[in-house]
Amino acid sequence: MNLLELQRRMAEDVMRPLTTDFQMQPTTSDGRSTSATAECYIKPNNLLSAFDRLEIYNRQYWFRVIDAVSEDFPALNSVLGSEIFDPLVLAYLRDNPSTSFTLRNLGSRLPEWLRDHPELVPDQHNLAMDIARLEWAYVEAYDQAAVQPVDAAGFAGFDAQTRLRLQPHLQLLDLRYPVDELVLAVHRKSGPRDIISNAMSERRQTSQAVLPEMNREDVYLAVHRYDNSVYYRRIDREAFLLFRSLQSGEPLGVAIQTAVQDRTYFGQEQFAKIQEYFAHAAQLGWFCQEVENSASVN
């Protein structure tokens with residue numbers, strides 16, 4: 001076995017998924033004994049067999065990647081508890097192993113993957129999905145690009161056919177639970193983080209020692225970055241529909257029609273609301289010039 005073969009052999013053994021009880025698997029993917037394989041390139045000592053020594057590296061690799069995911073999903077970890085969260089992440093990583101030099105993208109598919117695995121959190125599946133979506137939106141909002149906003153002169157030529165661009169860092173979420181409150185409560189317990197929400201102006205602040213009770217409630221969020229802080233801003237359903245339509249590339253006229261299709265507001269009130277949505281978005285710099293690339297800007 002030359003050096004390259006040794007490196008590949010050990011990398012495969014170290015990265016092989018653990019068993020459900022977080023031990024190294026006794027056989028390799030092709031059915032060979034892991035113990036016999038380890039003895040081919042690892043020497044035992046007075047205390048540990050070749051299998052035992054390899055298992056240390058195997059378990060530490062997986063504990064590290066599980067920790068990396070938990071760092072991006074602290075609220076999901078807190079709500080589910082390690083007895084559910086750790087096996088869930090292990091199962092997720094078996095299906096979505098690391099393929100990048102960076103751990104940043106390790107949890108990128110977790111919200112979508114979790115949607116297809118309700119059996120892992122049968123009593124809290126919808127809540128867990130909302131938490132996962134919001135926590136990954138935080139990562140995207142913090143990392144994605146910020147493009148030069150449209151100035152007053154740029155708005156002058158807009159008409160119904162104009163296709164407005166929204167900042168790449170802006171994330172729009174339709175949720176079934178007020179999980180922004182829960183995520184903020186977890187972050188207050190775990191230490192300071194650059195995350196702010198206008199939900200605190202709507203409800204009394206929750207004790208740092210207790211997570212808020214989650215009752216079913218439709219919540220629409222705009223998650224965005226400003227001065228290197230991520231903000232969770234609650235918006236009306238009409239605003240959500242408007243901005244989501246613009247984000248998907250619909251022309252301005254179509255986006256407005258989509259926003260008012262349910263007619264929560266009528267006449268002048270409807271017109272005033274649309275003006276309010278655009279004024280707030282413009283003030284926050286959500287409308288931007290053509291996005292040339294998706295390079296991240298922190």
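Does any residue of region 159-167 turn out to be charged (D, E, K, R), surrounded by 14 or more Cβ atoms within 10 Å (Cβ to Cβ), touching an Asp or Glu at 6+ places or on another chain (Cβ under 7 Å) and over 25 Å from Leu184 (Cα atoms)?
There is at least one residue in region 159-167 that is charged (D, E, K, R), surrounded by 14 or more Cβ atoms within 10 Å (Cβ to Cβ), touching an Asp or Glu at 6+ places or on another chain (Cβ under 7 Å) and over 25 Å from Leu184 (Cα atoms).
Of the conditions (1) within 20 Å of Asp151 (Cα to Cα); (2) at pLDDT 90 or above, Val254 clears all except one; give me its number.
Every listed condition holds for Val254 apart from (1).
So, Gln60, is that one among the polar types (S, T, N, Q) and either farther than 30 Å from Thr34 by Cβ or buried (at least 21 other Cβ atoms within 10 Å of the Cβ) (or both) or not? Let's see the steps before the verdict.
On the way: among the polar types (S, T, N, Q): yes; either farther than 30 Å from Thr34 by Cβ or buried (at least 21 other Cβ atoms within 10 Å of the Cβ) (or both): no.
Judged against the criteria, Gln60 is not a match.
Any chance you could count how many residues in region 1-49 are among the aliphatic types (A, V, I, L, M) and farther than 19 Å from Trp62 by Cβ?
6
Kindly provide the set of residues from region 87-145 that are of a type in the set (Phe, Trp, Tyr), more than 12 Å from the chain's Cα centre (by Cα) and in a helix (DSSP H, G or I), ordered by number. Don't jump to the end; show me each part of the working.
Start the filter on region 87-145 by keeping residues that are of a type in the set (Phe, Trp, Tyr), which leaves 92, 101, 113, 136, 138, 142.
Still in the running and more than 12 Å from the chain's Cα centre (by Cα): 92, 101.
Within region 87-145, Tyr92 is the sole residue that qualifies.
I'd like the full set of residues that are in a loop (DSSP other than H, G, I, E, B), of a type in the set (A, V, I, L, M) and within 26 Å of Asp86 (Cα to Cα), limited to region 15-50. First the steps, then the outcome.
Filtering region 15-50 down to residues in a loop (DSSP other than H, G, I, E, B) leaves 16-26, 28-32, 40-49.
Right, trim to of a type in the set (A, V, I, L, M) and you get 18, 24, 42, 47-48.
Matches in region 15-50: Leu18, Met24.
Quick check, is Tyr61 within 15 Å of the chain's Cα centre (by Cα) and in a helix (DSSP H, G or I)?
The answer is no for Tyr61.
With respect to Arg193, is the statement that it is modelled with pLDDT of 95 or more, within 21 Å of the chain's Cα centre (by Cα) and closer than 20 Å to Gln144 by Cα true? Spell out the reasoning first.
Values: modelled with pLDDT of 95 or more: no; within 21 Å of the chain's Cα centre (by Cα): yes; closer than 20 Å to Gln144 by Cα: yes.
So Arg193 does not fit the description; no.
Find all pairs meeting these conditions: Cβ atoms under 7 angstrom apart; at least six residues apart or on different chains; first residue within region 160-182 and touching a residue at least 40 places away in the same chain (Cβ under 8 Å); second residue basic (Lys, Arg).
His169/Arg225; Leu172/Arg244; Leu173/Arg133; Arg176/Arg216; Tyr177/Arg216
Has region 155-170 got any residue that is modelled with pLDDT under 75, assigned to a loop (DSSP other than H, G, I, E, B) and either outside the structural domain of Gly107 (by TED's automatic domain parsing) or more than 30 Å from Gly249 (Cβ to Cβ) (or both)?
Restricting attention to region 155-170, the residues satisfying the condition of being modelled with pLDDT under 75 are none.
Taking every residue of region 155-170 in turn, none turns out to be modelled with pLDDT under 75, assigned to a loop (DSSP other than H, G, I, E, B) and either outside the structural domain of Gly107 (by TED's automatic domain parsing) or more than 30 Å from Gly249 (Cβ to Cβ) (or both).
Among the residues of region 246-265, which ones are within 17 Å of Glu276 (Cα to Cα) and either in a helix (DSSP H, G or I) or touching a residue at least 60 places away in the same chain (Cβ under 8 Å) (or both)?
Result: Leu246, Leu252, Gly253, Ala255, Ile256, Gln257, Thr258, Ala259.
Examine region 95-109 for a residue that is touching a residue at least 60 places away in the same chain (Cβ under 8 Å), over 21 Å from Tyr177 (Cα atoms) and either in contact with a Pro (Cβ under 9 Å, 6 or more places away or on another chain) or buried (at least 17 other Cβ atoms within 10 Å of the Cβ) (or both), and state whether such a residue exists.
Within region 95-109, one or more residues are touching a residue at least 60 places away in the same chain (Cβ under 8 Å), over 21 Å from Tyr177 (Cα atoms) and either in contact with a Pro (Cβ under 9 Å, 6 or more places away or on another chain) or buried (at least 17 other Cβ atoms within 10 Å of the Cβ) (or both).
Please tell me if Ile131 is touching a residue at least 12 places away in the same chain (Cβ under 8 Å), of a type in the set (Val, Ile, Thr) and surrounded by fewer than 21 Cβ atoms within 10 Å (Cβ to Cβ).
Values: touching a residue at least 12 places away in the same chain (Cβ under 8 Å): yes; of a type in the set (Val, Ile, Thr): yes; surrounded by fewer than 21 Cβ atoms within 10 Å (Cβ to Cβ): no.
Judged against the criteria, Ile131 is not a match.
The values are calculated or read from the model by the stated rules, or taken from the named source; none is laboratory data. Bear in mind that the values here come from a model prediction, so they are computed numbers and not experimental data. Methodologically, a virtual Cβ is constructed for each residue, glycine included, from the backbone with ideal geometry; neighbour enumeration extends over all protein chains shown.
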